[in-house]
Amino acid sequence: MNEGVEWALHSCLNLAWIGEDRAVTAARLAAYHALPTAYLNKQLQALARAGIVSSAPGPKGGFRLARPLERITLMDVVTAIEGPDEAFRCAEIRKQGPGALPESAYPLPCAIAESMAAAELAWRKELAGRTLDDVRERAERRAPNAPGAIRRWFENS
């Protein structure tokens, strides 16, 4: 998973803490974590295409959450950034090289591919079962001053 997923998740939480009444530019969101603006903007555009954030052009433009945190799963964000493809793709290398057998010798799926598919299904179910609101609650328990500090930083900078 690329770092864009982490950036997107933090940006969504920051937008929630900033408030729905204020749009924030990619440059401001990037500045808060010292990230490259152009690359973060790509992640934000992917979130916009997925309907997770909305964007508005112009001097008062920027990004806002498009729906409440409780309606955005971690899987929604991962899929928006990484795409829907499975992480593991079996190339059937067991059918290559000196140990390869005729096609008829492989009536069952590859045991490695089956194991990886089961693990991915569990991972996807876990991410689909957790919302950004769950993450927000945990973050606020661990750092209760973070929402106010983030809001103030964006208001004063």
Name the one entry in Ala26, Ala66 that is touching a Ser or Thr at 6+ places or on another chain (Cβ under 9 Å) and in contact (Cβ under 8 Å) with a residue 24 or more places away in the chain. Ala26
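Kindly establish whether Lys125 is touching a helix residue (DSSP H, G or I) at 6+ places or on another chain (Cβ under 9 Å) and modelled with pLDDT under 95.
No: the conditions fail for Lys125.
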Somewhere in region 1-19, is a residue closer than 30 Å to Pro144 by Cα, free of Cβ contacts under 8 Å to residues at least 40 places away in the same chain and not acidic (Asp, Glu)? yes
Meets criteria (at positive phi, part of a loop (DSSP other than H, G, I, E, B) and over 16 Å from the mean Cα position of the chain (by Cα)) for Ala91: no
Scanning for something under 12 Å from the mean Cα position of the chain (by Cα) and part of a loop (DSSP other than H, G, I, E, B), does region 27-49 turn up at least one residue? no
Does region 62-85 include one or more residues that are open to solvent by 80 Å² or more (accessible area, probe 1.4 Å), at pLDDT below 95 and in a loop (DSSP other than H, G, I, E, B)? yes
Quick check on my filter: what residues within region 97-128 are part of a loop (DSSP other than H, G, I, E, B) and open to solvent by less than 60 Å² (accessible area, probe 1.4 Å)? Gly97, Gly99, Ala100, Tyr106, Cys110
What do you reckon, is Arg22 open to solvent by 10 Å² or more (accessible area, probe 1.4 Å), of a type in the set (Lys, Arg) and either touching a Leu at 6+ places or on another chain (Cβ under 8 Å) or at pLDDT 95 or above (or both)? no
Across region 129-147, which residue is least open to solvent (accessible area, probe 1.4 Å) among those that are over 21 Å from Val77 (Cα atoms) and without any contact (Cβ under 8 Å) to a residue 40 or more places away in the chain? Ala143
Enumeration of residues in region 77-96 that are charged (D, E, K, R) and without any contact (Cβ under 8 Å) to a residue 40 or more places away in the chain: Asp85, Glu86, Arg89, Glu92, Arg94, Lys95
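The values are calculated or read from the model by the stated rules, or taken from the named source; none is laboratory data. Fair warning: this is a prediction, and the values are worked out from it, not measured in the lab. We place every Cβ from the backbone using ideal geometry, glycine too, and count neighbours over all the protein chains shown. For accessibility, only protein heavy atoms count, side chains too; no ligands or nucleic acids. Shrake-Rupley method; radii C 1.70, N 1.55, O 1.52, S 1.80 Å.
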